[in-house]
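**Q** Please find one structure pasted underneath; my questions will follow.
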Amino acid sequence: MYRFLLTPRWWGINVFVLLAIPFCVFMGSWQLSRFEGRVQDHRAATEQAASDGHEAARPLAGMLPVDKSTSGRRVTASGHYGKQLLVPDRELDGRQGFYVLTLLRTESGRALPVVRGWLPGTADPAKAPAPPTGQVTVTGALQASESPGQNGAGAQSGLPAGQTAAISSASLVNLVPYRLYDAWVTLDKGDSGMKAVPASAPEGTGLDLKAFQNLGYTGEWFVFAGFVVFMWFRLLRRETEARRDAALGLLPEDTDHHQPVPSA
């Protein structure tokens, strides 16, 4: 009864099914592993953030470049404060405000962007406290350069002089006359009465939309595998029933061959 499975048509169907099912299972498992990896990264970042506030600060030079293992870690650096900029449209505790960003000129010859704190309202240089003079030592959480859309960073251009949308070396290089570190620091305690800006988790470690997209793709691939199996059995059943009916003579007659011939 099932000899038709050896026909060329069914050979093609069977080969497709035998290749499609393992492929769908592999892709579903891969997407699931991506989701589990993001969950693990999120858990590790949360645990690290909880422990970073209690660990001793380390010299800046030993924590660069910034990666997932060093982002959020407490660092210390010394130097003299230089040019000051404002970072508008930053939210903290549900309120809109701006960061006060000051460049710390270190002995290495490079400048470190330091977020000294947050103030509510519209960015206004008159509201921003002047940085301390003389030699200072700062302690805070190390952060990677921002990209547009990250942590509220905007991509807008045409900001007033003395403002920047993102805290990144690429954005600041045209605004300050210093060589820059590809990193920045947010102080443990806000300077001059400002509110401290909490450190953010490294990019790609949160349970964001991408993480749940991975989980959704996992389900889709396994559904595809089940659909392939379902369609194979459906085609098999239809073919079997058709051949059984043909063997019993139960197939409907082809009416196209029994139409009356019109007279001349």
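**Q** Enumerate the amide H contacts of K195 below 5 Å, restricted to partners 5 or more residues apart or on another chain; note that Pro and chain-start residues carry no placed amide H.
**A** Under 5 Å from the amide H of K195: W118.
**Q** Collect residues whose amide H, placed 1.01 Å from N in the peptide plane, falls under 5 Å from the amide H of L180; neighbours closer than 5 in sequence don't count.
**A** Counting only residues 5 or more places away or on other chains, the set is A111.
**Q** What ranking do R234, R73 get, fewest neighbouring Cβ atoms within 10 angstrom at the top?
**A** Fewest-to-most ranking of R234, R73: R234, R73.
**Q** Continuing with the same structure: Among L6, L172, which comes first, second and so on when ranked by fewest other beta-carbon atoms within 10 Å?
**A** So the residues, fewest neighbours to most, are L6, L172.
**Q** Run the simple label-point estimate for F227 and K189 please: 7 Å along Cα→C-beta, distance reported in nm.
**A** 6.0
**Q** OK, next. Roughly how large, in nm² to one decimal, is the mean projection of the convex hull of the alpha-carbon atoms in region 72-193?
**A** The orientation-averaged projected area of the Cα hull of region 72-193 comes to 7.1 nm².
**Q** May I ask you to evaluate 6.51 cos²θ - 1.76 cosθ + 1.60, the Karplus curve with θ = phi - 60°, for each residue of region 59-65 and list the ³J(HN,Hα) values in order in whole Hz, giving x for glycine and proline?
**A** Ordered by residue, 3J(HN,Hα) equals x, 4, 4, x, 10, 9, x Hz.
**Q** Whole-Hz ³J(HN,Hα) for each residue in region 217-222, computed from phi via Karplus 6.51 cos²θ - 1.76 cosθ + 1.60 with θ = phi - 60°, x for glycine and proline: what do you get?
**A** 5, 4, x, 5, 5, 6
**Q** Amide H neighbours of I167 under 5 Å, counting only residues 5+ apart in sequence or on other chains, H built in-plane at 1.01 Å?
**A** Those lying under 5 Å, H to H, from I167 are E146.
**Q** Can you list the HN-Hα couplings for region 92-98, worked out from phi with the Karplus curve (6.51, -1.76, 1.60; θ = phi - 60°), rounded to whole Hz and with x for Gly and Pro?
**A** Calculated HN-Hα couplings, in order: 8, 6, x, 10, 8, x, 8 Hz.
**Q** Roughly what would the spin-label model give for K210 and K68, points 7 Å off Cα along C-beta, in nm?
**A** 1.0
**Q** Which order do the peptides 173-186, 112-125 come out in when sorted by mean C-beta neighbours inside 10 angstrom, highest first?
**A** Packing order, densest peptide first, comes out as 112-125, 173-186.
**Q** Ranking W11, W221 by Cβ neighbours within 10 Å, fewest first, what do you get?
**A** W11, W221
**Q** Another question about this same structure. Label-point separation (nm) for S29 and E107, each offset 7 Å from Cα along Cα-to-Cβ?
**A** 5.5
**Q** Suppose the chain between N174 and R3 were pulled fully straight at 0.36 nm per residue; how much longer would it get relative to their current alpha carbon spacing?
**A** Using 0.36 nm per residue and subtracting the Cα-Cα distance, I get 54.0 nm.
**Q** Given a Förster distance of 51 Å, report the FRET efficiency between D93 and E220 from their Cβ-Cβ distance, rounded to the nearest 0.05.
**A** Here the calculated transfer efficiency is 0.85.
Bear in mind that the values in this text are calculations on the coordinates, not laboratory data. For clarity, every value in this text was computed on a predicted model and none was experimentally measured. Methodologically, a virtual Cβ is constructed for each residue, glycine included, from the backbone with ideal geometry; neighbour enumeration extends over all protein chains shown.
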